[in-house]
Amino acid sequence: MRHTGTTMLVVLNKDAYSIQREQDVILFRNRVKEFAVRIGMGVVNQTKLITAASELVRNMLRYANGGDVLIEVITRGRENGIRLTFKDQGPGIPDIKQAMQDGFSTGRSLGLGLPGTKRLVSEFDIKSTVGVGTTVTIVKWKNG
Amino acid sequence: MGPFLLVTIQVDLYDRLALMLESDLVQAISKSGAQGVLIDISAVSIVDSFMGRIIGNIASMARLLDAHTVVVGMQPAVAITLIELGLTLPGVQTALNVEKGMQLLQSRIRVADSEEDAPHGDDDAGSPE
Amino acid sequence: MREQSEGIVNLVVDNLNEQTIQLDPYALEPIQEYLAGISISRARHGFSPRETSFYVLSLKNAILDVQEESAGSDIAALYESTRALNRLFDELSTNTFETFIKGREDVILRQTDEISEISTPVIRVWDQILAMPLIGTLDSARTQTVMENLLQSIVDTGSEIAILDISGVPAVDSLVAQHLIKTVSATRLMGAECIISGIRPEIAQTVVQLGIDLSQVVTKATLASALKHAFGMLKLEVRKTQPPKPFMI
């Protein structure tokens, strides 16, 4: 089921959202669900993807007062999937390595934000510059 | 034994609504003198760390008011996701459905009551004031 | 099969008459579809690729005969039309191969799904008690199916105890152990209990040697002892009934 890097990744469909208020979280989650249902993702993977999206969107609201999200339907070889990109202009994360360790959190959450979220998805990428912002990209393959 | 409160969560709660539920429920426990709270989450499709924390808070607050909390009806997909996320809801008791949750509450309260009557029952079963 | 052949010959002949044997991709479409249907059904019925391609090529010969008859003495025209026909059939047979292989692949994919479905049966051994015998290697994808099936059956039957029997699992490494622990945790989170049975001595050895902590999990050597434990949890008792005393005079 692993993918070789040589297979082309194609974006089939996309949609962008702006997240400004906490009410946007539920609306955004419903949108992600619609996309996941459309590619025929099973309930468990859907739940994992939406929960991961929910965690990341909450982080965005908590630390950066919101941001922008891109939802994409992607395909590579025989696999279809959903890619979500979360982009904010918040304070940024000084030490990503530390933030990706279990049990680390600066907010009042339960301290399992990023590593837990990473376990829910197939691919996880984070880029952050202090004072500029953070971009998190996650991919969930339909059968991943 | 006091009355039980049954809370059925029907929709995905956004943050403020969840916090309102938390405070309303704690008020209701105190007003009714309920000894047991059943939270039915069978219609909830997503439990993220925020929702998990609200559920944990309700259980802890209820315990302070001398009530037991049982969460019932968790969907398999939700359970699998919570485990993967690393969220095991410590301190929250669960049951498969409302009926089993009710049985669990009854047995818990019976145990607590008998320990209250007994002269030596003083440690872990939340001695009531 | 005769019906199929007539169908395809008619389609090809219609096409030839109208288009004067020019390869028009639009006119080709119905033929391609027709052939695709034939080769997929052949792939599913277990025909060999040789038989399938032979079938397509024998159609070519049949049409060649017809062409020869209708062309009469005009050799140049016959040559042209034969070339066109060849090109057409090259295209068609390549396509046939592709769909034939795709048909086979679909069969394999479906069987893979079926195997993972069949190999994770959930058995109701008693009121409130489910058992799931696991056979074969546990990888991440299969564990996901196992977990989903087990948890869904727990909800559907309202069973409080699930026994996961791993006597048919050839090896337990740290990844498999992790999957098992996750399954047990998810079961508990839903308000049920999960017992793991069928721990063979070799498995006990590797688990300890790998430093895997199974102390939070109830483990039993056999399904029978797991069942006994489950009875205990449900406060059930299994007793031998007293045989009636022999009547004495």
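Brief remarks follow.
- Out of B:THR81, B:THR94, B:THR69, one residue alone is under 21 Å from B:PHE50 (Cβ atoms), away from every other protein chain (no Cβ under 11 Å) and open to solvent by less than 50 Å² (accessible area, probe 1.4 Å). It is B:THR69.
- Residue that is most open to solvent (accessible area, probe 1.4 Å) [pool: residues in region B:35-66 that are within 13 Å of another protein chain (Cβ to nearest Cβ) and charged (D, E, K, R)]: B:ARG53
- Which numbered condition A:THR75 fails, given (1) touching a helix residue (DSSP H, G or I) at 6+ places or on another chain (Cβ under 6 Å); (2) assigned to a strand (DSSP E or B); (3) open to solvent by 10 Å² or more (accessible area, probe 1.4 Å): (1)
- Checking A:GLU34 against (1) out of contact with any strand residue (DSSP E or B) (no Cβ under 8 Å at 6 or more places or on another chain); (2) surrounded by 21 or more Cβ atoms within 10 Å (Cβ to Cβ), the condition it does not meet: (2)
- Index of the failed condition, A:ARG31 passing every other in (1) assigned to a helix (DSSP H, G or I); (2) away from chain B (no Cβ under 14 Å); (3) of a type in the set (Lys, Arg): (2)
- Which listed residue is in a helix (DSSP H, G or I) and crowded, with 17+ Cβ neighbours inside 10 Å, from C:VAL176, C:VAL208: C:VAL176
- Residue within region C:95-118 that is in a strand (DSSP E or B) and either under 30 Å from C:LEU59 (Cα atoms) or open to solvent by 10 Å² or more (accessible area, probe 1.4 Å) (or both) present: no
- Selected residue (only one of B:LEU38, B:LEU64 is touching a residue at least 12 places away in the same chain (Cβ under 8 Å) and of a type outside the set (Val, Ile, Thr)): B:LEU38
- Considering residues of region C:181-193 that are without any contact (Cβ under 8 Å) to a residue 40 or more places away in the chain and either away from chain B (no Cβ under 11 Å) or not in a helix (DSSP H, G or I) (or both) only, the residue farthest from the chain's Cα centre (by Cα): C:GLY191
Here's the yes/no breakdown for (1) away from chain B (no Cβ under 14 Å); (2) within 23 Å of the chain's Cα centre (by Cα):
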residue	(1), (2)
C:PRO133	yes, yes
C:THR145	no, yes
C:SER159	no, no
C:ALA177	yes, no
C:VAL207	yes, no
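- Among the residues of region C:67-81, those that are open to solvent by less than 90 Å² (accessible area, probe 1.4 Å) and part of a helix (DSSP H, G or I) comprise C:GLN67, C:ALA71, C:ALA76, C:ALA77, C:LEU78, C:SER81.
- If you go through region C:14-58 and keep only what is at pLDDT below 75 and open to solvent by 50 Å² or more (accessible area, probe 1.4 Å), you end up with C:ASP14, C:ASN17, C:GLU18, C:GLN19, C:THR20, C:GLN22, C:LEU23, C:PRO25, C:TYR26, C:GLU29, C:PRO30.
- Of the listed requirements (1) over 29 Å from B:PRO90 (Cβ atoms); (2) buried (at least 17 other Cβ atoms within 10 Å of the Cβ), C:MET147 misses just one: (1).
- Condition check for A:VAL43: out of contact with any Pro (no Cβ under 7 Å at 6 or more places or on another chain), open to solvent by 50 Å² or more (accessible area, probe 1.4 Å) and either on the phi > 0 side of the Ramachandran plot or facing chain B (nearest Cβ under 9 Å) (or both): yes
- Test: residue in region A:19-26 that is within 14 Å of chain B (Cβ to nearest Cβ), modelled with pLDDT of 90 or more and outside any strand (DSSP E or B): no
The values are calculated or read from the model by the stated rules, or taken from the named source; none is laboratory data. Quick caveat, the model's predicted, so the values are computed rather than measured. Methodologically, a virtual Cβ is constructed for each residue, glycine included, from the backbone with ideal geometry; neighbour enumeration extends over all protein chains shown. All accessible areas refer to the heavy atoms of the entire protein, side chains included, with ligands and DNA or RNA removed. Shrake-Rupley method; radii C 1.70, N 1.55, O 1.52, S 1.80 Å.
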